[in-house]
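Reading through the structure tokens given below for one structure.
Read-outs throughout are calculated quantities, based only on the coordinates presented, and are distinct from any laboratory measurement. Quick caveat: nothing in here was measured; it's all calculated off a predicted structure. FYI the Cβ positions are ideal-geometry reconstructions off the backbone, even for glycines, and counts take in every protein chain you see.
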Amino acid sequence: MKLPSPALTWLRTYDKSWLRGDVVAAITLAAYLLPAALGDASLANLPPQAGLYACLFGGLAFWLFCSTRHTAISVTSAISLLIGASLGDVAGGDTTRFGALAAGTALLVAGIAFVAWLVKAGAIVNFISESVMTGFKCGVALFLASTQLPKLFGFHGEHGSFWVNSGYFLKHLNETNLTSLLVGGLALAILVVGTIYLKTKPVAIFVVMGSIVASSVLELDQYGVKLLGEVPQGLPAVGLPAIQWADLNQLLPLAFACFLLGAVETAAIGRMFTARHGGRLDANQEFLALATANLAAGLGRGFPVSGGMSQSLVNEGGGARTPLSTALAGGVILMVVLFFSPLLSALPQPVLAAIVLIAVAGLFQASELKHLWHASRSEFVVATTALLGVMTSGLLRGVLIGAIISLVQLLRRAARPHVAFLGRIPGTRRFSDRERHPDNELIPGVLIFRPEANLIYFNVDSVRDTIAERVRAEAPPPKLVIIDFSAAPYVDLQSAHTLAGLADELTARGIRVHVVETRSAVRELLRREGVDAKLGGIDRFTTVADAVAAVQKENSV
């Protein structure tokens, strides 16, 4: 089977004038990825090199198959925290096994993404609504903050829900190490200023470099400031992690949650960039890119990766012209891993916490919550439920709660489609929804309905009940009920017989039923099931206006 690689097309048509932009973007992106990789590895409860390996190997593989020009692959805060919060019990306190399980999770994510690509499941990313993602990200931001504040203040934190972590933090504020708080607070202030005034500049890398120099010169560890510790130099032994088949069942829910997060985030980034720069997002192709990136990250002793929003914006702002910039950024990280990683051991942990706090601050979208409150209270409730789910039940359950909420929303809307009650637009032969246009004319003795969805077994009863209730409420009863099928391109067997049953009930009360403007497939089904006669005789010529004119002609005779 030949795997489609858009990168080969870009390379064949590559313009040399693009190289400068790609190189500059690669250096800028690598400078941004390095501290992010260290911070997210800390969130995942993994050694710092795991984040470097994930970005290195994932970046070298992702660009070959991605369909967008600016998406950057990276470890992300949400997935990292999901890994850190979910693998502790499985690993049983064994740090080596923890790392192997994290790498194994990346391989499972790769497998899930590859299957999704094979079956062309690109539409899966649309099952998680934006409202759910807004609530989920806000919950993640608060949860992350509860894990990082103790590090910023220089004491150990708790490992529980947001409420447990926050309570522990408040109770142990008296254990604050003032030097740690000073170092972390200064780093946080610089990063905040950089976020406001230097949005596309790699401020974090300068904070990392400056804190390493300050730590070495001032010997901050002598004042109780915790340092990052040893970061191995060189590449890891590439290969399958040391996990057993029995571990796969335990890792599968986590891997699916990581895949879901990664797929939604990567697709959202792709949609944003195609809207800005043109082109077309191929969600299925992004699944293949995610599969190869996670395969490389897992074999390279990393952990799951996905498209990173802030990283991709940095890549675009740096002047990237093609996905080659992400491969070149991987090359820069490779140089660091091979020659400069020992220098990272002097990085103060409070500075790392400050970097993480700045990164997750962008996840808390208060403006989006405010918009949902004003625009749709039901959507706000959905977002809030997802937020509370993360804060109370943890990230893994929070992801699943979000997915379930999205599916319930989808089913609820599909199960109760809108049935428009039509009236004639004054002075025309056209009919439209009278609820939207109250000045539309009613036709004496005629009720006209238009179901605005496919009619399927789980929604046809709602449509039937809506029509029946309106007919019962009419006084005097109508002589004719017209059902316009122009907005219902598909009708299944159960729906056909349910509508025939409704027609029988109305006919018994002296009310005729006439279905008009059916699509060819619907006409064939109704005739094949032998219900077309009950529905007034189905043809492709009669319109709503024709049916109304016919009954008016009968009444005038």
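Among the trypsin sites (Lys or Arg not before Pro) within region 98-185, which fall in a DSSP loop and have no more than 14 other Cβ atoms within 10 Å of their own Cβ? Those that pass, being in a loop and sparsely packed, are Lys120. Placing +1 on the Cβ of every Lys and Arg and -1 on the Cβ of every Asp and Glu, with nothing else charged, gives region 340-447 a dipole about its Cα centre of roughly 340 debye.
Pairs of lysines in the chain whose Cα atoms sit within less than 18 Å of one another amount to 6, provided the residues are eight or more positions apart or on different chains. Applying 1/(1 + (r/R0)^6) with R0 = 30 Å to the Cβ-Cβ distance of Lys553 and Tyr490 gives a FRET efficiency near 0.35. Could you compute how fast region 419-556 diffuses translationally, taking Rh as the Kirkwood radius over C-alpha pairs and applying Stokes-Einstein at 4 °C with viscosity 1.567 mPa s? Give it in µm² per second. Rounded to a whole number, D works out at 86 µm²/s.
Evaluated with a Cβ-only charge set (Lys, Arg +1; Asp, Glu -1), region 419-556 carries a dipole of roughly 320 debye about its Cα centre, given to the nearest 20. Positive-end ranking of Val264, Pro323, Met335 along the dipole of region 194-339, with charges on Cβ about the Cα centre, is headed by Pro323. Solvent-free Debye calculation, one equal scatterer per alpha-carbon of region 233-305: log10 I(q)/I(0) at 0.26, 0.28 Å⁻¹ equals -1.20, -1.28. Spacing of the modelled spin labels on Glu158 and Val217, each 7 Å from Cα toward Cβ, amounts to 4.0 nm.
Overall size of the chain from C-alpha positions, given as principal axis extents largest first: 104, 59, 50 Å. Across the chain, the longest piece that holds none of the chymotrypsin sites (Phe, Trp or Tyr not before Pro) lying in DSSP loops with up to 11 other C-beta atoms within 10 Å covers 1-456.
Scanning the chain for long hydrophobic helices, with DSSP H runs required to stretch 30 angstrom or more by C-alpha along their axis and to average at least -0.5 on the Kyte-Doolittle scale, returns 19-43, 95-118, 130-153, 245-277. Once the Cα-Cα distance is subtracted from the 0.36 nm per residue extended length, the Arg512 to Glu524 segment shows a gain of 2.2 nm. In plain terms, the chain from Thr392 to Arg470 could stretch by 23.6 nm, reckoned as 0.36 nm per residue minus the Cα-Cα distance.
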